[in-house]
1. To test your reading of the geometry: what angle, between 0 and 90 degrees and rounded to tens, separates the Cα axis of helix 247-258 from the longest principal axis of the chain?
2. Enter the per residue convex hull volume of the chain, computed from alpha-carbon coordinates, in Å³ rounded to the nearest integer.
3. To the nearest 10 degrees, how steeply does helix 301-312 sit against the main Cα axis of the chain, on a 0 to 90 scale?
4. Using only Cα positions of segment 70-193, each an equal point scatterer, no hydration layer, compute I(q)/I(0) via Debye at q = 0.10, 0.13 Å⁻¹ and quote the log10 values to two decimals.
5. Report, in whole Å, the centroid distance computed from the Cα atoms of segment 40-106 and segment 331-381.
6. State the volume of the convex hull built on the alpha-carbon positions of segment 126-166, expressed per residue in Å³ and rounded to an integer.
7. Please quote Rg/Rh for segment 322-407 to two decimal places, taking the Kirkwood radius as Rh and restricting both calculations to Cα atoms.
8. Mind checking segment 1-39 for trypsin sites (Lys or Arg not before Pro) that DSSP puts in a loop (not H, G, I, E or B) and that have at most 15 other Cβ atoms within 10 Å?
Amino acid sequence: MITIIDKKRNKKELTYEEMKYAIMGYVNGEIPDYQMSAFLMAICINGLSSKETFDLTDIMLNSGDRIDLSDINGTKIDKHSTGGVGDKTTLILAPIVASLGIKVPKMSGRGLGHTGGTIDKLESIPGFKVNLTLEEFKKELKEVGAVITGQTANLVPADKKIYALRDVTGTVSSIPLIASSIMSKKLASGADKIIIDLKVGNGALVKTLDEAKKLANLMVRIGKKYNHETICILTNMNEPLGNNIGNALEVKESIELLKGNVKNDLYELVIYIASYMVSLGKKIEFEAAKKEVIETIENGNAYKKFLEMVSSQGGCLEEMQVAPKVFSIKSIKSGYINAINTEKLGMIVKEIGGGRETKDDKIDYGVGIVLSKKLGDHVEKDEEILKIYLNQKDMEIRKILSCFVIEDEKKKYQPLIYEVIM
Ligand code: URA
């Protein structure tokens, strides 16, 4: 292992066997955390060649089970987000796309750092089962068409172990490590086609468009190598997506959108990604797919599919609760909201109980924030910027207000969708 670390430190290319020795040795407990940490840091600093990244993906992909969904009819499309604040798109996209006859098998994760996780959001619905067995997962997919569950224990165990180590060793932000981590999981979970919502901005893992393009190109190439069409949509995460942040509050916003009552940036993004999924699944033009997507929301079919998915996985929406203490936070000056520190807002929701500080913490599902103003909006002095929903913990108003940059002149608006790479 020392020779392998030395080689990477000296910017030499590793062979498949050397990479496998390091990764599988770590998975099997033969290589200690400190050697793996040094190896990961060498990768972070010196990078990996394309060949090394493909090899790493292949080794991780084959470190555990690969799900075979070929006995289920129809095209299966997976959608993945690289993570952001207020990102509840999976909860909305799965029923929309399934209501149009396309299967959506979705294995999701929990919150990480300042970003929320789909599994935590779904757990805010009392009774919702997120630990399906493989048999249950397939049954839901066959019968309902949309299923969202946590990753099964033996799906890419190498990523599980390495990801946890990266999280605490400052080695998350590496393009080849992110690409192989995401793509090994997507390829192992059995869908035919993969759509990745690659978030870029101050609330995302990837902060610049340049980095995002590199990551997208790499993931698309990995997908091609395995014959899994992969589309990366680069989207703006310089403000929370939609208005609600926090688990139960995000489920509520998703429901309102599915009922046709929300028409914000979240709606725009959902329509865009769903249209890509439907056009891939049905092999039709994007515009034709978009028409079907809008229609399935307006005629109530998407919402019906959501209710079917929730009740089939044991959830009881009537019992879902938001926190009882609601405070209106008002602006101390007037002007345009020109910037939002999205990561800090995400951290605030985590601190009031909406996320975990340590991996064993219990989440307070009902807490969160509802934005009354978004980027580019004008706000008057003493006008409400947001509402905060609290349960047990308090939060300093000054800290919340410091997340917003309010200026006299309105700054140029950045697009919600930057680019599609396929
Ligand atoms: N999401 C993942 O699954 N892996 C990463 O490395 C980063 C984001």
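The values are calculated or read from the model by the stated rules, or taken from the named source; none is laboratory data. If you're wondering where the values come from, they're calculated on a predicted model, not measured in any experiment. Glycine also receives a Cβ, built like all others from the backbone with ideal geometry; neighbour counts cover every protein chain displayed. Areas reflect the complete protein model, heavy atoms only, side chains present, ligands, DNA and RNA absent. Shrake-Rupley method; radii C 1.70, N 1.55, O 1.52, S 1.80 Å.
1. 70 degrees
2. In the chain, the Cα convex hull volume per residue is 138 Å³.
3. Between the helix axis and the principal axis of the chain, the angle is about 60 degrees.
4. Relative scattering, expressed as log10 I(q)/I(0), comes to -0.31, -0.53.
5. 28 Å
6. Roughly 93 Å³ of hull volume per residue.
7. For segment 322-407, the value is 1.00.
8. Lys11, Lys12
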